[in-house]
Amino acid sequence: MYSYDKVVKFVHEEDVKFIRLAFFDVFGVQKNISIMPGELLRAFTDGISFDASAVAGFGDEVKSDLFLYPDPETLSILPWRPANGRVARMYCDIRYPDGTLFEKDSRLILKNAVKYAKDRGITVNFGSEVEFYLFRTDEKGDPTKQPFDYAGYMDIAPEDRGENVRREICFTLIEMGIQPEASHHEEGPGQNEIDFHYSDALTAADNTSTFKWVVKTAAMGNGLYADFSPKPIREQAGSGMHVNMSVCSDDGKDYTDEFMSGIMAHVREMTLFLNPCENSYERLGERKAPGYITWSPQNRSQLIRIPASGSGQKRIELRSPDPMANPYLAYALLIYAGMDGIEKKMPVPEPMNINLYKADPETVSGLAKLPQNFGEAYDAARNSRFIREILPDAYLDAYKKR
C-alpha cells in the first residue's frame, strides 16, 4: 500500500503531471477531477471538493459540498496517455465536510459488505466475465449499429477482426496491474469477452470498472465504439456480466450451498441493480441468459451453475447480471444475500438438471421467475426490506428515474 510520501515519490519518478481522482455515481459511471502534483498534499489531508448535486443519486443543491480523498492503493498510470507528462489515477473515498464518510458512495457500501462478512469469518472472492460489442463509427466518429465483424463463438482471424483490439486491451490491463485470464470472440457479430483472475471483492469491482474504461478507450483509439448494453442487437446474443464467487471461511467449513441459497432467496429483489436498464429484460430468458430462479451443476440454462473444476475448488457462477450493473452495488448485494443464507442456514433447493430452454411448459410452469421487465424489478426492490436495510432510499429514487 502506498503512503502519501510514496505517492509523491512515484509521481516524481514517473514524471506524472496530472492525477485523476476518480469516483462513481450510483449507476457505477466513473467521474473524475484532475489535479496537479502540487495539490496532492491537500487531497490527502483536506480532500478535493466537488458539487454533489451534479452527480446522479448524490442529492440536491442543499448541502451539496463533498470531498474526495485518494485511496493510494489504487494508484495506477494510464498507459494510453503521453509518456512525457504522464497521467495517473486513484479511486477515492467520499466524505462530508466534517470528515464522515458519504453513505451513498457505492464503493463504501461494498467495503461495508466485505467487513460484515469478514467479521463473521467469511471472505468472498469475485471474478467477472464481461461481454461487449464492438461497432464501427461513422465519418464523424459517432457510433453506428454496424458490427466490427461477423465472426462467431471463438472464431479466429480473419473472420475475427477484434483480436488485435482484445490484445491491446489485455496489454493495457497488465500495465495497470490487472491480469487477464482469457479473451475470445463471443457468439454475436462484433461481440467479445475478456476474463480476469479472481480477487477480493473491492479489487474485483475496481478491476471491472477499470476494464470497462480501458475497453472504451482502446475501441475509440481504433476508430470503434464499445457497447456494454445488455441487448444492443435485438436478434443477436445479449451481453452478460457473469459473476463468479468463491466462499472461504475462517473455520474451514464449506458454506457455498448456504451462500447460494441466500442469493436465490433474494435475487428477485436485487435484479433492479443487477439488470438496471429497460433493455436488460430483452436479454433475460433467451440465448443462455436465465429466466428462472434455478441452479444446476455445469448447466448454462440456469440462473446459477456450479462450474466443473480440475482443482476441485467449488465456485458459484451467477449468470443473470449484465455489464450495465454497478459492480460495487452488485457485489455488495450478493455478499449480503449470501451471508443471509449462511446465517439462516437456508436449505439448498433441488437442482434443475435439464435444459430449461428446451423444457416443455408443464416443466417450467411452477418455477419462480426473475422479473420480466424493469417495472417489475423496481417494484420488487422497492417492497424489499432486505434492499432497504442495505441501500439508501436515494438509490431507489435514482434507479426509478433512470
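Give me D for the range 283-364 in µm² s⁻¹, whole number, from Stokes-Einstein with Rh from the Kirkwood sum over alpha-carbon pairs, 10 °C and 1.306 mPa s. In µm²/s, the coefficient rounds to 112. Applying 0.36 nm per residue to the separation of residue 167 and residue 153 and subtracting their alpha-carbon distance, the gain on full extension is 3.3 nm. If you plug the beta carbon distance of residue 282 and residue 119 into 1/(1 + (r/R0)^6) with R0 = 35 Å, you get a FRET efficiency near 0.30. Checked against a 23 Å cut-off, the cross-linked pairs 115/344; 31/400; 231/314 give Cα-Cα distances beyond that limit for 231/314. Each stretch of four or more DSSP H residues adds -39500 (n - 2.57); spread over every residue of the chain, this sum gives -10000 deg cm²/dmol at 222 nm.
Summarising the label geometry, the points placed 7 Å from Cα in the beta-carbon direction at residue 253 and residue 34 lie 5.3 nm from one another.
Computed in the context of the full set of protein chains, the accessible area of the chain at 1.4 Å probe radius has 48% of its extent on carbon or sulfur. Spacing of the modelled spin labels on residue 136 and residue 60, each 7 Å from Cα toward Cβ, amounts to 4.8 nm.
When you filter the GluC sites (Glu not before Pro) in the range 147-249 for DSSP loop state and at most 10 other Cβ atoms inside 10 Å of their Cβ, you are left with 235. Among complete DSSP H helices in the chain, those whose alpha-carbon atoms stretch at least 27 Å along the helix's long axis and whose mean Kyte-Doolittle hydropathy reaches -0.5 are 201-221.
Legend: Rg and Dmax of the range 115-227, from Cα coordinates, 15.9, 56 Å.
Quantify how much of the Cα-Cα distance distribution of the range 38-91 extends past 13 Å, in percent. Cα-Cα pairs of the range 38-91 separated by over 13 Å account for 68 percent. Expressed as a fraction of 2.2 N^0.38 Å, the value expected for a compact globular protein of N residues, the C-alpha radius of gyration of the chain is 0.99. Spherically averaged projected area of the convex hull of Cα atoms, the range 356-402: 4.5 nm². For the chain, the longest piece that avoids every one of the chymotrypsin sites (Phe, Trp or Tyr not before Pro) found in DSSP loops with at most 13 other C-beta atoms within 10 Å covers 154-402.
Accessible surface computed residue by residue for the range 194-304, with neighbouring protein chains in place and a 1.4 Å probe, gives 33 Å² per residue. Run the paramagnetic zone check for residue 17: 7 angstrom along Cα to Cβ, then residues of the range 38-78 with backbone nitrogen under 16 Å. In the range 38-78, the label zone of residue 17 (backbone N under 16 Å from the point 7 Å along Cα→Cβ) covers 38-39, 78. Per-residue extension of 0.36 nm, minus the Cα-Cα distance of residue 359 and residue 76, leaves a gain of 97.0 nm for this segment. For trypsin sites (Lys or Arg not before Pro), the sites in the range 206-235 that DSSP calls loop and that have at most 12 other Cβ atoms within 10 Å are 234. For the range 128-160, applying the loop criterion from DSSP together with a ceiling of 14 other beta carbons within 10 Å to the trypsin sites (Lys or Arg not before Pro) yields 140. In the context of the full set of protein chains, the range 97-173 has a per residue accessible area of 51 Å² (1.4 Å probe). Each of 183, 229, 199 was placed along the dipole of the range 180-265 (beta-carbon charges, centred on the mean Cα), and the one lying farthest toward the positive end is 229. Across all directions, the shadow cast by the convex hull of the range 1-147 built on its C-alpha atoms averages 12.5 square nanometres. For the range 241-330, the spread of Cα coordinates along the three principal axes comes to 42, 25, 20 Å, biggest extent given first.
The values are calculated or read from the model by the stated rules, or taken from the named source; none is laboratory data. Quick caveat, the model's predicted, so the values are computed rather than measured. FYI the Cβ positions are ideal-geometry reconstructions off the backbone, even for glycines, and counts take in every protein chain you see. What goes into the accessible areas is simple: the full protein's heavy atoms, side chains included, and nothing from ligands, DNA or RNA. Shrake-Rupley method; radii C 1.70, N 1.55, O 1.52, S 1.80 Å.
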